[in-house]
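Below is one structure, written out as structure tokens; comments come after it.
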Amino acid sequence: MSKLQANQYLGNGFSAYGGELEVLLTYQDNKIQDLQVTKHHESEMGQWALDELPGKIIAANSADVDGITGATATSRAIKDATTDALNKAQRQK
């Protein structure tokens, strides 16, 4: 990944099925502005979580959201990676 922009943070999580998962979090004014999964090795089943969970996290402004049914491991990895990125963002402030 190229150089991060202002207010962008990388976070990592691990799925029991797919290995490392990475998110790019844009965080400004104590609010999650954007969340993208930038690296993953998830199966087709995990795709539901990859598609739906970032939007739920942005809307809640928190990684403390319900996971996607049928994609528990991927959901956990996304939430863990988001928490990692949020912790980095909050340490910078």
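Selection of region 65-92 for residues being without any contact (Cβ under 8 Å) to a residue 12 or more places away in the chain and either among the charged types (D, E, K, R) or touching a Phe, Trp or Tyr at 6+ places or on another chain (Cβ under 7 Å) (or both) yields ASP66, ARG91. Among the criteria (1) in contact with a helix residue (DSSP H, G or I) (Cβ under 7 Å, 6 or more places away or on another chain); (2) modelled with pLDDT of 95 or more, the one ILE68 does not fulfil is (2).
The values are calculated or read from the model by the stated rules, or taken from the named source; none is laboratory data. Just so we're clear, the structure is a prediction, and the values are computed from it rather than from any experiment. Methodologically, a virtual Cβ is constructed for each residue, glycine included, from the backbone with ideal geometry; neighbour enumeration extends over all protein chains shown.
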